[in-house]
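Everything on this sheet refers to the single structure shown next.
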Amino acid sequence: MAESKIARLGYALLGLIKTAPRSGYKLRMLFETTPIATYSSSPGSIYPALKALEKEGFVTQRPPTGAKRLYHLTEAGEAALKAWLEAPVGDEEIARHLDMALLRFAFLDILGDREASLRFLASFEAAARAHAASLATFLDGADGQELTLQGRLAVEHGLKSVICSADWAADAQQRLQEG
């Protein structure tokens, strides 16, 4: 599947380019000045990621009249972004890449499909509750010799964070349905 060729930073770039065609410099500045900076504002990351997206046929550069070249999504880029945005959230994403799940949610409004956002949130909530249950089961089965007190406290933090994320998803679903 084409989307497997796209790195995490690549998806962030595709979403930003979809919202508005931008130059590499403007994309870099968005990473420098917004919370999306967690994906790297380094020119050593952004420009190679853009080149990789271009090489794979997900973006193309076109010059506007008398200005810098802007990146635009191709049909393949549009399709890859849409598939990524609409994919259900799984346990692995909740456990290891929560930031990517939230980035997907932030970009989902690009599709202009409230139902897609509601499906996403339902899968997010279900995956978060399932992950919380597995963490609780782990804690219930761990005896004092398997975990130090601090280890247990760290896992408990993870459990509480995941429960908070599940509760957020339930609240977000309700607010989207009402709004």
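The values are calculated or read from the model by the stated rules, or taken from the named source; none is laboratory data. Fair warning: this is a prediction, and the values are worked out from it, not measured in the lab. Cβ coordinates were reconstructed from backbone atoms using ideal geometry, including for glycine residues, and neighbour counts include every protein chain displayed.
Residues that are small (Gly, Ala, Ser) and either in contact (Cβ under 8 Å) with a residue 60 or more places away in the chain or farther than 13 Å from Leu9 by Cα (or both), at least 3 per element: which helices (runs of 4 or more DSSP H) completely within region 35-130 meet that? Quick ask: steps written out before the conclusion?
Working: elements: 43-55, 75-86, 91-96, 98-108.
Of the helices (runs of 4 or more DSSP H) lying wholly inside region 35-130, those with at least 3 residues that are small (Gly, Ala, Ser) and either in contact (Cβ under 8 Å) with a residue 60 or more places away in the chain or farther than 13 Å from Leu9 by Cα (or both) span 75-86.
Please determine, by comparing only the residues of region 70-125 that are basic (Lys, Arg) and outside the structural domain of Ala37 (by TED's automatic domain parsing), which one is surrounded by the most Cβ atoms within 10 Å (Cβ to Cβ). Walk me through it before giving the result.
Restricting attention to region 70-125, the residues satisfying the condition of being basic (Lys, Arg) are 82, 96, 104, 114, 119.
Among the residues that remain, those that are also outside the structural domain of Ala37 (by TED's automatic domain parsing) are: 96, 104, 114, 119.
Working: Arg96: 9, Arg104: 21, Arg114: 13, Arg119: 16.
Residue satisfying both the conditions and the ranking: Arg104.
Of the residues that make up region 133-147, is at least one among the small types (Gly, Ala, Ser), under 30 Å from Lys82 (Cβ atoms) and without any contact (Cβ under 8 Å) to a residue 60 or more places away in the chain?
Looking through region 133-147, none of the residues is among the small types (Gly, Ala, Ser), under 30 Å from Lys82 (Cβ atoms) and without any contact (Cβ under 8 Å) to a residue 60 or more places away in the chain.
Of all residues being among the hydrophobic types (A, V, I, L, M, F, W, C) and modelled with pLDDT under 95 in region 63-81, which is farthest from Leu16 (Cα to Cα)? Just the residue, please.
Ala67
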